[in-house]
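Visitor: Have a look at the structure that comes next, please.
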Amino acid sequence: MLIDGKVFVVTGGGNGIGREVVLGLLSRGARVAAVDLRDSSLEETRGLAGSDGDRLSTHAVDVSDRVAVEALVDDVVAAHGQVDGVANVAGIIQHFVKVAELDYPEMEKVMAVNFWGVVHVCKAFLPQLLTRPESSLLNVSSMGALAPVPGQAVYGASKSAVKLLTEAMYAELMGTSVKVTLVFPGAIATGITENSGVEVPGGDQARSSKMAAQSTPAPEAARVIIEAIEKGEYRVCIGKDAKMLDKLSRIAPKRATEMIAKKMKSLLG
């Protein structure tokens, strides 16, 4: 798919991977509708876009609000005239606690944003995508959907739901103009913990620095995502950690589960 001249909707466009996808698409000549919960974050993205900002529209929308997402379609079409691609990047994590210690409101919020938010955007924009001669629907799942991560069980469940939803939509849209892509990022250097209102338990500066050093930079993750859109790829893992876990979880699922459990033990106590 040629990026130049196309119109893309990107959720989570106010920070992290989503912001870098917005900037990357703009730099390749696309028009972009950036969607995020916070207007202030979107304005920061606009500031970073520089001269490319004249092809950017920003939309402060809660993707978990179905009515608001349905209204977003008309706003985007009014701003850009069409929609050629959608990238569902928005997502939040949960507090690093076991399921027994996680309250229902937080579980519901994680599912509302990570799963229902993707459903709302897909359902709302799919009719637009089907009218285009070539189009792209990309959903971001997680390495946490490949194998269970203790302390992030509900987050992983929400991303597993995105995985299966996207795989089913790929099958349903075969033979149409819509190319469906599923993305599994590993650890990415973003502010997702802060944006989710979550702190890493026992986190200190040394640990944070080590985690950042082992993470894939957000601009690199965005580059991989945009290349996947261009190529119409079905499935993409980002980072050595995601690629390794993708293989191990299929070859030796029990071993993968136990390996991750040991790594998470110090965080959960």
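Visitor: Test of understanding: among Ala171, Ala161, which residue is of a type outside the set (S, T, N, Q), in contact (Cβ under 8 Å) with a residue 24 or more places away in the chain and surrounded by fewer than 19 Cβ atoms within 10 Å (Cβ to Cβ)?
Guide: Details: Ala171 fails: in contact (Cβ under 8 Å) with a residue 24 or more places away in the chain.
Going through Ala171, Ala161 in turn, just one is of a type outside the set (S, T, N, Q), in contact (Cβ under 8 Å) with a residue 24 or more places away in the chain and surrounded by fewer than 19 Cβ atoms within 10 Å (Cβ to Cβ): Ala161.
Visitor: Here's another thing I want to ask about it. For the list (1) touching a residue at least 40 places away in the same chain (Cβ under 8 Å); (2) surrounded by 22 or more Cβ atoms within 10 Å (Cβ to Cβ), I need the number of the one condition that Gly144 fails.
Guide: Looking at each condition in turn, Gly144 falls short on (1).
Yes/no per residue for (1) within 28 Å of Met174 (Cβ to Cβ); (2) crowded, with 17+ Cβ neighbours inside 10 Å:
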| site | (1), (2) |
| --- | --- |
| Gln82 | yes, no |
| Ala87 | yes, yes |
| His95 | no, yes |
| Ala112 | no, yes |
| Leu126 | yes, yes |
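Visitor: Scan the stretch 1-31 for residues that are farther than 17 Å from Glu220 by Cβ and either modelled with pLDDT under 95 or surrounded by fewer than 22 Cβ atoms within 10 Å (Cβ to Cβ) (or both) and report the count.
Guide: 6
Visitor: Let me ask something else about it. Tell me which residues, restricted to the stretch 32-57, are buried (at least 23 other Cβ atoms within 10 Å of the Cβ) and either touching a residue at least 40 places away in the same chain (Cβ under 8 Å) or among the small types (Gly, Ala, Ser) (or both).
Guide: Ala33, Ala34, Val35, Asp36
Visitor: Can you find a residue in the stretch 124-135 that is touching a residue at least 12 places away in the same chain (Cβ under 8 Å) and more than 27 Å from Tyr234 (Cα to Cα)?
Guide: Checking the stretch 124-135: not a single residue is touching a residue at least 12 places away in the same chain (Cβ under 8 Å) and more than 27 Å from Tyr234 (Cα to Cα).
Visitor: Based on what the data block shows, is Ala78 farther than 30 Å from Gly151 by Cα, surrounded by fewer than 21 Cβ atoms within 10 Å (Cβ to Cβ), among the small types (Gly, Ala, Ser) and in contact with a His (Cβ under 9 Å, 6 or more places away or on another chain)? Before the answer, list the steps.
Guide: On the way: farther than 30 Å from Gly151 by Cα: yes; surrounded by fewer than 21 Cβ atoms within 10 Å (Cβ to Cβ): yes; among the small types (Gly, Ala, Ser): yes; in contact with a His (Cβ under 9 Å, 6 or more places away or on another chain): no.
No; evaluated as a whole, the condition is false for this residue.
Visitor: Answer yes or no: is there a residue in the stretch 243-265 that is modelled with pLDDT of 95 or more, of a type in the set (A, V, I, L, M, F, W, C) and under 28 Å from Ser136 (Cα atoms).
Guide: Yes, because at least one residue in the stretch 243-265 is modelled with pLDDT of 95 or more, of a type in the set (A, V, I, L, M, F, W, C) and under 28 Å from Ser136 (Cα atoms).
Visitor: Quick check on my filter: what residues within the stretch 81-117 are assigned to a helix (DSSP H, G or I), in contact (Cβ under 8 Å) with a residue 60 or more places away in the chain and touching a helix residue (DSSP H, G or I) at 6+ places or on another chain (Cβ under 7 Å)?
Guide: none
Visitor: Also, I was wondering about something else. Which of the residues spanning the stretch 5-53 are within 14 Å of the chain's Cα centre (by Cα) and either assigned to a helix (DSSP H, G or I) or among the acidic types (Asp, Glu) (or both)?
Guide: The answer is Gly16, Ile17, Gly18, Arg19, Glu20, Val21, Val22, Asp36.
Visitor: From the list Met244, Met259, Met264, exactly one residue is in contact (Cβ under 8 Å) with a residue 60 or more places away in the chain and not hydroxyl-bearing (Ser, Thr, Tyr). Which is it? Even if it seems obvious, please write down each step before you answer.
Guide: Numbers: Met244 fails: in contact (Cβ under 8 Å) with a residue 60 or more places away in the chain; Met259 fails: in contact (Cβ under 8 Å) with a residue 60 or more places away in the chain.
Checking each option against the conditions leaves just Met264.
Visitor: Test of understanding: among Ala212, Ala221, Ala187, Ala206, which residue is modelled with pLDDT under 60 and within 25 Å of Asn88 (Cα to Cα)?
Guide: On the way: Ala221 fails: modelled with pLDDT under 60; Ala187 fails: modelled with pLDDT under 60; Ala206 fails: within 25 Å of Asn88 (Cα to Cα).
After ruling out the rest, the residue left standing is Ala212.
The values are calculated or read from the model by the stated rules, or taken from the named source; none is laboratory data. Just so it is clear, the structure is predicted and the values come from calculations on it, not from any experiment. Here the Cβ is made from the backbone with ideal geometry for all residues, glycine too, and neighbour counts use every protein chain on show.
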